[in-house]
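Below: the structure, in structure tokens.
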Amino acid sequence: MLHLPSLSSFLHYISTMDTLAKLQILSGAARYDASCASSGSKRDGPYGGTGNTSSSGICHSWADDGRCISLLKILLSNDCIYDCAYCVNRSTNPGERASFTAREVIDLTLDFYRRNYIEGLFLSSAVMQSPDYTMECMVRVAEALRTEEQFGGYIHMKIIPGCSSELVRKAGLYADRVSVNIELPSQASLQRLAPQKHKHAILEPMALIGREITTSLVERKASHRAPRFAPAGQSTQMIIGASPENDFQILRLSQGLYKKMNLKRVYYSAYVPVIEDNRLPVLAAPPLLREHRLYQADWLLRFYGFSAEEILSDDAPHLDESFDPKTAWALRHPEFFPVEINRADYATLLRVPGIGVLSAKRIVAARRFSSITPDGLKKIGVVIKRAKYFITCRGRSFEKSDQPPALIRQRLLLGESSEAPMSILPKQLVLPGLFA
Amino acid sequence: MNCYLYDGTADGLLSSIAWILEEEPDPEQVTLRERMDTLFEEGFTIGTDATLAESLFFRLKQQAPDAAHTLYSFMLAEKEGMETSLLHYVSLAFKHGDKVKGYLTHPAVRDIVNVAKKAGRELHRMKGLLRFEKLQDGAYLAKMAPDYNIIHPLAYHFSRRLRAQHWFLYDVKRRMAARWNNGTLQFGTIEQFTTPALSEDEKKVQALWQVFFKTIAIPDRKNPRLQKSNMPMKYWKYLVEKQGE
């Protein structure tokens, strides 16, 4: 006699799967979300409750891949109805499925928070049944944490594209940060690799969140009792190297997101081949160097006063692999240098390769007391290994002046031992004709 | 150059700085160090006055809140042999206000700011790396062995955060403890420490955290060097996720 386990006993198995097994599946499925920030929000803990947030953010541990752990990063469920080519949770990917109950997520969050393992909860989910259903389940967790458990710690919530704007609003009221993943840098790639997701379903909630944040900030200026809406702002993430867009397209997209949508962060996630699909490129390894360079360029956009058009152009649409984007810019603009440390303003100092925000601030602060000598420059902690080709100090240069950029380029390449480990990282394999 | 001595206590240090700033026309030409009571010790000993020490700190806090914060962090480090630098730093802070932190070309400012930064960094790190264990009676206990004496500001941080909990911090190196219960924070020293029994579910929660810690890392991106530079091995002893490594 053929004996098949009945459906009901299977469902029973799912529901009695213990929390430990679920945690293993649902944190493993969440690890490709890059965001882990717990900063940007300052809230006093509710009296008699648990938890507050710190504006600088706090890292609680560092995982074996070296990335910081500050939030309990999990999916509510990995049981997805969508079939996005790049995603480990796609419906056609065989693999164990699991879903947390709201209670399980709440207990895990509180048990971890009380022991100081975490700064709060990062809740995302695969799409179960429908976007609305999924988002409602997620919002219910956050609502229970805030109202029933008096939880004052950090909550980051993913918005499921396609859910109702009412649910987006609710999520923003309970969460410190909300994010809608843009996933891929262009509509064409989205259509190709994630056919069930649509550009407008991603951009609409982003715009809505942006408006709500602005309104809430205005209202809170008038009254401190006005409700906060996502006080730590919104962020997004895109996958790098799974689709054919060049770095210039990606940077221009990020620039637009920062300027028009007022995003706090754009995260770039090097595509990790988790499943095979003939729509995806074959990579020897994740394009980590490209991801690193994009983050450097992203910093230039946000903190250094650069525009995407200064960093790249249609003629040179890819970031240099051997130089960081600021050094690459400096080598293309010899007319800008040398910069005199004792006279240049803050914005100009920031353009010098090797001088970051901290060093520029230190230089500006120190020269209030006396002019800075070459020795003093080192003493206040400015590393001149790269900067020395681009600066003068009291009119004296560190290197022979008027070196042609080609020579500086060569000497920088030889001298940059700190960057050497990055350059042996495997490059992305490009298969011609794949994206015809 | 005048040389002054003090009794080696924190109050003594601050009150002698206050005294020198009051009495000396040019404090930057003066040295200050701990009295060793050796036979040929030279210098004038300044008496300790706790109210003078306190008033110095409050005056600095009003005139240069940032510099007062640096002074506080510096004191956490319990560094010996830097009294003269501290005297010069405080004198400069009263002269220039908070702008003094930018005066890094001055050796005294640089020394004090660097030490303060190290202590401040460890305090921030411990806010994340401290691990509480639940005890049988429902209270929570966290053990630590930090380089600097950070238990006071650390306990204050957790008093804002874990308000509804009854908890203890214990600095194993210094045998100092902090206790938070029902809205009051107390400090004391413990002569004989015996680890109390853990609550029944404690090991279960720790196992959950260990599983989370392992699975959240992306296997293709393993990077133990980066992990160690962010989370130095000296802190692993009390980390639940690093037990048995």
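The values are calculated or read from the model by the stated rules, or taken from the named source; none is laboratory data. Since the structure is predicted, the reported quantities are computational estimates derived from the model, not experimental observations. Here the Cβ positions follow ideal geometry from the backbone for every residue, glycine too, while neighbour counts run over all protein chains shown. Accessible surface areas use protein heavy atoms only, side chains included; no ligands, DNA or RNA. Shrake-Rupley method; radii C 1.70, N 1.55, O 1.52, S 1.80 Å.
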Net length gained if the chain between residue A:199 and residue A:303 were fully extended (0.36 nm per residue, minus Cα distance): 34.6 nm
- request: Hey, can you grab everything whose amide H is under 5 Å from the amide H of residue A:61? Only 5+ residues off in sequence or another chain; H modelled, so Pro and N-termini drop out.
  value: A:69
- prompt: When ligands, DNA and RNA are left out and all protein chains stay put, how many square angstrom of accessible area per residue does region A:325-423 have with a 1.4 Å probe?
  reply: 51 Å²
- prompt: Any idea of the total accessible area buried by the B-A contact, 1.4 Å probe, rounded to 100 Å²?
  reply: 4900 Å²
- request: Quick one: pull the percent of accessible area on region B:3-123 belonging to carbon and sulfur, 1.4 Å probe, ligands and nucleic acids left out.
  value: 51 percent
Over chain B, relative contact order from alpha-carbon pairs under 8 Å, at least 6 apart, %: 14 percent
message: In whole percent, and with a 1.4 Å probe on the protein chains, what portion of the accessible area of chain A is carbon and sulfur?
response: 55 percent
- prompt: Where the convex hull is taken over the Cα atoms of region A:72-178, what is its projected area averaged over directions, in nm²?
  reply: 6.7 nm²
message: With a 1.4 Å probe and all protein chains kept in place, how much accessible area does residue B:194 have, in Å² rounded to the nearest 10?
response: 110 Å²
query: Measuring with a 1.4 Å probe in the full set of protein chains, what accessible area per residue, in whole Å², belongs to region B:1-129?
result: 51 Å²
- request: Could you give me the radius of gyration and the Dmax of chain B, taking only the C-alpha atoms into account and expressing both in angstrom?
  value: 21.9, 66
- line: Here region B:11-25 yields Karplus 3J(HN,Hα) values (6.51, -1.76, 1.60; θ = phi - 60°; whole Hz; Gly and Pro given as x) of 4, x, 4, 5, 6, 6, 4, 4, 5, 5, 4, 6, 9, 8, x
query: What's the angle, to the nearest 10 degrees (0 to 90), between helix A:7-16's Cα axis and the longest principal axis of chain A?
result: 50 degrees
task: Sticking with the crude label model, points 7 Å out along Cα→Cβ, report the distance from residue B:190 to residue B:38 in nm, one decimal please.
output: 3.9 nm
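If A:149, B:122, B:80 are ordered by their accessible area, calculated over protein heavy atoms with a 1.4 Å probe, which sequence runs from highest to lowest?
B:80, A:149, B:122
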message: With a 1.4 Å probe and all protein chains left in place, how much of the accessible area of region B:130-242 comes from carbon and sulfur atoms, in whole percent?
response: 51 percent
- prompt: After finding the eigenvalues of the alpha carbon gyration tensor for region B:193-234, what semi-axes result from the square roots of 5 times each, listed largest first in whole Å?
  reply: 28, 17, 4
statement: SASA check, residue B:133, accessible area w/ 1.4 Å probe, all protein chains in place, rounded to nearest 10 Å², comes out at 40 Å²
- prompt: Expressed as a fraction of 2.2 N^0.38 Å, the rule-of-thumb size for a compact globular protein of N residues, what is the C-alpha radius of gyration of region B:3-123?
  reply: 1.00
- prompt: Where in region B:147-165 does accessible area fall by at least 50 Å² between the isolated chain and the complete protein assembly, at a 1.4 Å probe radius?
  reply: B:161, B:163
query: Cα centroids of region A:156-190 and region A:354-370: how far apart, whole angstrom?
result: 40 Å
- request: Specify the angular offset, from 0 to 90 degrees and rounded to the nearest 10, of the alpha carbon long axis of helix B:151-161 from the longest principal axis of the alpha carbons in chain B.
  value: 50 degrees
Given charges at beta-carbon only (K, R positive; D, E negative), |dipole| of chain B in Debye: 1880 debye
- prompt: Given B:134/B:214; A:158/A:199; A:264/B:214; B:143/B:222; B:79/B:117; A:361/B:101, which pairs have Cα atoms separated by over 20 Å?
  reply: B:134/B:214; A:264/B:214; B:143/B:222
message: Using the Cα centre of chain A as the reference point, and only Cβ charges (+1 on K/R, -1 on D/E), how large is the resulting charge dipole? Debye, rounded to the nearest 20.
response: 1720 debye
- prompt: region A:24-49: which residues show an accessible-area loss of 40 Å² or more, assembly versus chain alone, 1.4 Å probe?
  reply: A:24, A:27, A:31
query: Using a 4.7 Å Cβ cut-off, which Cys residues in chain A lack a partner cysteine?
result: A:36, A:80, A:137, A:163, A:393
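Using a 1.4 angstrom probe with every protein chain in place, what is the largest-first accessible-area order of B:72, A:268?
Sorted by accessible area, descending: B:72, A:268.
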- prompt: Given 4 °C and 1.567 mPa s, how large is the Stokes-Einstein diffusion coefficient of chain A in µm²/s, with Rh as the Kirkwood radius over Cα pairs?
  reply: 54 µm²/s
field: Cα gyration tensor, region A:213-283 - rounded (a/c under 1.5), prolate or oblate
entry: prolate
Nearest-ten-degree value, helix A:131-143 long axis tilted from longest Cα axis of chain A: 80 degrees
- line: Ignoring ligands, DNA and RNA, the residues of region B:95-121 whose accessible area with a 1.4 Å probe is reduced by 10 Å² or more relative to the chain alone are B:96, B:99, B:102, B:103, B:104, B:105, B:110, B:117
message: Once you keep just the Cα pairs under 8 angstrom separated by 6 or more residues, what percentage relative contact order results for chain A?
response: 11 percent
query: Over the C-alpha atoms of region A:325-423, what are the Rg and the largest Cα-to-Cα span, Dmax, in Å?
result: 13.1, 41
query: Largest first, how would A:148, A:96 line up by accessible area (1.4 Å probe)?
result: A:148, A:96
task: Would you tell me the accessible area of residue A:218, worked out with a 1.4 angstrom probe on the heavy atoms of the protein chains, in Å² to the nearest 10?
output: 100 Å²
